[in-house]
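Read the structure below first, then the notes.
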Amino acid sequence: MLDIPSPAPVASAAASRSSGARIDAAFCAVNRWLLITLLAVMAALVISNVFTRYAFAHSFPWVEEATRYMMIWTTFLGAGPALRVGGHIAIDSLPSALPAAAARALRAGIVGVIGITLLAMAWLGWDYASFAWEQESPVLGWSLGKVYLALPVGAAVMLAHLAFVSRRWVSSGEWERVEGFDPQAL
C-alpha cells in the first residue's frame, strides 16, 4: 500500500472566518430566505387571486387579509437587512464634517440611540401583541397578536443586525456592500 501524503490543508473561507462572522452569515441567510419565501408566497397568492377573479369570476376573500399580514411581517423582517447596507433614511452631513474621532463618537451615539429605540420597540411591541392575542382577524380568524408579533420580532432582528454591523460603521462610517445594489443611488 502506497503512503501518499495528502496535500497541505487549504483553509476554506468559511473555516478561516471567526465564529461571529459565521453566525452573522447564517443569520443573514435565514433572514434573507424568510423574506424570499414570504415575498414568493405573497406574489403567488395575489397573482392566483387576480387570475381566478378575471378567469372564473371568483375571488378568495382571505387572500387580501393573508397577504396584508405577510407584508407586515416582510416589512419588519426586511428592516434589518436594509440597515446593514445603509438603506434607511439618514442625514450624514454632520459626521462627514467632523474630525475622525468626533465622527466616530457621534456614530457611536447614534448606534446607542438606535439600540435603545429598538429595545423600546421590542418591549412595547410585545405588550401590544400580548394585548391583542385574543382578538381575531375578520376573515381568517387568526390571532391579531400573531400579526402584531412582527413588531417585537422585527425590532429584535434589526437589533441583531445592528450589533453585527455597528462596529464597522462606527469605526469607518461604511456600510456593507451588496454587489449590484447601492441604496445611496436610489
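Quick notes on this one:
- Residue match in the range 54-61 (condition: within 25 Å of the chain's Cα centre (by Cα) and surrounded by 11 or more Cβ atoms within 10 Å (Cβ to Cβ)): no
- Here Ala102 does not fit the description of being under 12 Å from the mean Cα position of the chain (by Cα) and in a helix (DSSP H, G or I).
- Condition met for Leu39 (within 21 Å of Leu151 (Cβ to Cβ), surrounded by fewer than 16 Cβ atoms within 10 Å (Cβ to Cβ), touching a residue at least 40 places away in the same chain (Cβ under 8 Å) and not charged (D, E, K, R)): no
- So Trp133, is it under 20 Å from Ala66 (Cα atoms), surrounded by fewer than 16 Cβ atoms within 10 Å (Cβ to Cβ) and in contact with a Phe, Trp or Tyr (Cβ under 9 Å, 6 or more places away or on another chain): yes
- Glu134 vs. criteria over 18 Å from the mean Cα position of the chain (by Cα) and among the acidic types (Asp, Glu): yes
- Which listed residue, of Gly86, Gly112, Gly125, is under 30 Å from Ala185 (Cβ atoms), touching a residue at least 12 places away in the same chain (Cβ under 8 Å) and not hydrophobic (A, V, I, L, M, F, W, C): Gly86
- If you go through the range 151-175 and keep only what is surrounded by 20 or more Cβ atoms within 10 Å (Cβ to Cβ) and free of Cβ contacts under 8 Å to residues at least 40 places away in the same chain, you end up with just Pro152.
- Restricting the range 90-99 to residues that are in a loop (DSSP other than H, G, I, E, B) and either among the β-branched types (Val, Ile, Thr) or in contact with a Gly (Cβ under 9 Å, 6 or more places away or on another chain) (or both), the residue that is nearest to Ser171 (Cα to Cα) is Asp92.
Taken together, the values in this text are just the output of simple stated rules run on the coordinates, not laboratory data. Keep in mind it's a predicted model, so treat the numbers as computed, not measured. All Cβ positions, even for glycine, are placed from backbone atoms using ideal geometry, and neighbour counts span all protein chains on display.
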